[in-house]
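Visitor: Once you've had a glance at the structure underneath, I'll fire off some questions.
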Amino acid sequence: MATRERKPIRGLLDGCFDLVHSGHFNAIRQGASLCDELVVSIIADEEIHKVKGPTVLNDDERASIIKACKWVDVIEPRTPYYVDEALIDKYNCDFYIHGDDPVMQDGVNTLDLLEKAGKFKYIKRTTGISTTDITSRLLCLVQQNQSTTKSETTNPVFSDGSEDSNYTLGTKHDYNDPPKQQFL
């Protein structure tokens with residue numbers, strides 16, 4: 001008598017994955033440990049714009065980065081922001097995987113509904129890193145740069161307070177010459 005092969009367990013993990021960072025990869029790694037095949041859905045630009053605002057990277061850019069991740073088996077691009085049982089079934093998945101932060105839609109945590117249906121698995125959210133944090137840091141850097149910009153010509157300031165008077169905005173440096181000072 002022939003033995004039947006077990007159907008692979010498939011998990012669905014979604015995300016915006018804009019400005020991809022270690023927290024995203026940690027979530028994907030954790031998700032992959034819960035199933036035989038990990039399906040990662042990339043939330044569509046227009047969906048993200050409605051809920052969170054504009055993205056830095058577009059659909060295709062975000063999908064190509066996540067597709068290169070070794071823990072990802074299948075990519076589903078341009079998906080809805082909110083996951084329900086129908087979406088889980090559409091991608092032939094057994095359950096949805098998400099961090100321990102709520103997903104609120106019309107005042108309801110959609111994760112509670114999926115958990116009651118037996119279609120949800122929690123993963124631990126990575127603390128200390130987020131796309132919002134990275135974006136804030138970038139905005140602070142831009143603001144600092146704008147407040148120190150005097151004109152079209154800006155001299156980088158070094159840790160000792162001196163400036164590189166040979167630097168002009170938009171010019172290329174000769175990287176074969178050893179630097180006189182290091183940037184911070």
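The values are calculated or read from the model by the stated rules, or taken from the named source; none is laboratory data. In this text, all values refer to a predicted model and were calculated from it rather than measured experimentally. Cβ sites come from the backbone with ideal geometry, for glycine too, and all protein chains shown count toward neighbours.
Visitor: Tell me which residues, restricted to the range 21-69, are polar (S, T, N, Q), surrounded by fewer than 19 Cβ atoms within 10 Å (Cβ to Cβ) and out of contact with any Asp or Glu (no Cβ under 7 Å at 6 or more places or on another chain).
Guide: Matches in the range 21-69: 22, 26, 33, 64.
Visitor: Here is a further query. Say whether the condition of being surrounded by fewer than 16 Cβ atoms within 10 Å (Cβ to Cβ) and either aliphatic (A, V, I, L, M) or in contact with a Pro (Cβ under 9 Å, 6 or more places away or on another chain) (or both) is met by at least one residue in the range 5-20.
Guide: Within the range 5-20 (the criterion being surrounded by fewer than 16 Cβ atoms within 10 Å (Cβ to Cβ) and either aliphatic (A, V, I, L, M) or in contact with a Pro (Cβ under 9 Å, 6 or more places away or on another chain) (or both)), the answer is yes, since at least one residue qualifies.
Visitor: Can you give me the number of residues within the range 95-120 that are more than 27 Å from residue 57 (Cα to Cα) and surrounded by 18 or more Cβ atoms within 10 Å (Cβ to Cβ)?
Guide: Restricting attention to the range 95-120, the residues satisfying the condition of being more than 27 Å from residue 57 (Cα to Cα) are 95, 106-109, 112-120.
Keeping just the survivors that are surrounded by 18 or more Cβ atoms within 10 Å (Cβ to Cβ) gives 95, 114, 119-120.
Final tally of qualifying residues: 4.
Visitor: Any residue in the range 51-63 that's on the phi > 0 side of the Ramachandran plot and at pLDDT below 95: show its pairings with residues that are surrounded by 12 or more Cβ atoms within 10 Å (Cβ to Cβ) and of a type outside the set (Asp, Glu) at Cβ separation under 9 Å, as long as the two are six or more apart or on different chains.
Guide: Pairs that qualify, where the first residue is on the phi > 0 side of the Ramachandran plot and at pLDDT below 95 and the partner is surrounded by 12 or more Cβ atoms within 10 Å (Cβ to Cβ) and of a type outside the set (Asp, Glu): there are none.
Visitor: Between a first residue in the range 13-29 that is free of Cβ contacts under 8 Å to residues at least 24 places away in the same chain and a second residue that is surrounded by fewer than 19 Cβ atoms within 10 Å (Cβ to Cβ), which pairs have beta carbons less than 6 Å apart while being 6 or more apart in sequence or on different chains?
Guide: As it stands, the answer is none, since no pair meets every condition given.
Visitor: For the range 85-94, state whether one or more residues are surrounded by fewer than 16 Cβ atoms within 10 Å (Cβ to Cβ) and either at pLDDT below 95 or farther than 23 Å from residue 6 by Cα (or both).
Guide: Yes; the residues of the range 85-94 include at least one that is surrounded by fewer than 16 Cβ atoms within 10 Å (Cβ to Cβ) and either at pLDDT below 95 or farther than 23 Å from residue 6 by Cα (or both).
Visitor: Kindly list, by first and then second residue, each pair from a residue in the range 109-123 that is within 16 Å of residue 10 (Cβ to Cβ) to a residue that is among the hydroxyl-bearing types (Ser, Thr, Tyr), limited to pairs with Cβ atoms under 8 Å and residues at least 6 apart or on different chains.
Guide: Filtered contacts from the range 109-123: 114/96; 119/96; 120/96; 121/96.
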